[in-house]
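Colleague: Would you mind keeping the following structure in view while I ask a few things?
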Amino acid sequence: TSRDPHVALNDCLQIFRALCKLSSKELPEGSIADSLDMRSKVLSLELLAGILEGAGPQLQTNDKFIKNAIKKTLFVSLLTNGLSPVPRVFQATLSIFSILVAKFKDYLKNEIG
């Protein structure tokens, strides 16, 4: 069965936002590197990187995805996690930023700067 492209895009946006929120959650003080909270944060960041890396032309040029998902939710996560003292979190965040520069720079010039 073929799906309505608008429904598929909305599903994608909801999943993307949920991963952004999960990656932005604060870790409990004294969290260890192998705690469930830490693994959830790192996994959500890695999944976000995978989504952005695999984004085709439809997502790369979709105004709703860029304005609502990337600018409003992903950047909050990047700002939060970009200051993390945990190497795995910082590395995953830097990977996402690199993908944004490579694939979305035409639409995010002000934000990347």
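The values are calculated or read from the model by the stated rules, or taken from the named source; none is laboratory data. Remember, it's a predicted structure, so these values are computed and weren't measured experimentally. Neighbour counts run over all protein chains shown; Cβ positions are idealised from the backbone, glycine included. Note: accessible area is taken over every heavy atom of the protein model, side chains too, but ligands, DNA and RNA are not part of it. Shrake-Rupley method; radii C 1.70, N 1.55, O 1.52, S 1.80 Å.
Colleague: Could we say that Val101 is of a type in the set (A, V, I, L, M), surrounded by 15 or more Cβ atoms within 10 Å (Cβ to Cβ) and assigned to a helix (DSSP H, G or I) here? I'd like the intermediate steps shown before the answer.
Modeller: Working: of a type in the set (A, V, I, L, M): yes; surrounded by 15 or more Cβ atoms within 10 Å (Cβ to Cβ): no; assigned to a helix (DSSP H, G or I): yes.
Considered against the rule, which asks whether it is of a type in the set (A, V, I, L, M), surrounded by 15 or more Cβ atoms within 10 Å (Cβ to Cβ) and assigned to a helix (DSSP H, G or I), Val101 comes out as no.
Colleague: Still on this structure, I have one more. Condition first: open to solvent by 50 Å² or more (accessible area, probe 1.4 Å), closer than 19 Å to Ile15 by Cβ and not in a helix (DSSP H, G or I). Now tell me which residues in segment 47-91 satisfy that. Spell out how you get there, then give the answer.
Modeller: Within segment 47-91, the subset open to solvent by 50 Å² or more (accessible area, probe 1.4 Å) is 47, 53-54, 57-58, 61, 63-64, 67, 71-72, 76, 79-80, 83, 85, 87-88, 90-91.
Next, from what is left, pick out any that are closer than 19 Å to Ile15 by Cβ: 47, 53-54, 58, 63-64, 67, 71-72, 76.
Selection gives Gly54 alone.
Colleague: Please work out which one of (1) touching a residue at least 24 places away in the same chain (Cβ under 8 Å); (2) open to solvent by 30 Å² or more (accessible area, probe 1.4 Å) is the condition Leu36 fails and give its number.
Modeller: Here Leu36 clears every test but (1).
Colleague: While we're here: Would you mind stating whether Ser44 is without any contact (Cβ under 8 Å) to a residue 40 or more places away in the chain, open to solvent by less than 40 Å² (accessible area, probe 1.4 Å) and in contact with a Leu (Cβ under 6 Å, 6 or more places away or on another chain)?
Modeller: Working: without any contact (Cβ under 8 Å) to a residue 40 or more places away in the chain: yes; open to solvent by less than 40 Å² (accessible area, probe 1.4 Å): yes; in contact with a Leu (Cβ under 6 Å, 6 or more places away or on another chain): yes.
So Ser44 fits the description; yes.
Colleague: With Ser40, Ser31 as the choices, which residue is out of contact with any His (no Cβ under 6 Å at 6 or more places or on another chain), at pLDDT 90 or above and not hydrophobic (A, V, I, L, M, F, W, C)?
Modeller: None of the others qualify; the one that does is Ser40.
Colleague: Among the numbered conditions (1) assigned to a helix (DSSP H, G or I); (2) open to solvent by 60 Å² or more (accessible area, probe 1.4 Å), tell me where Asp106 comes up short.
Modeller: In the conditions (1) assigned to a helix (DSSP H, G or I); (2) open to solvent by 60 Å² or more (accessible area, probe 1.4 Å), Asp106 misses (1) alone.
Colleague: Right, another one. Six or more apart or on different chains, Cβ under 7 Å: which pairs go from a residue in segment 99-111 that's more than 16 Å from Ile51 (Cβ to Cβ) to one that's assigned to a helix (DSSP H, G or I) and of a type in the set (Lys, Arg)? Could you list them?
Modeller: Glu111/Lys71
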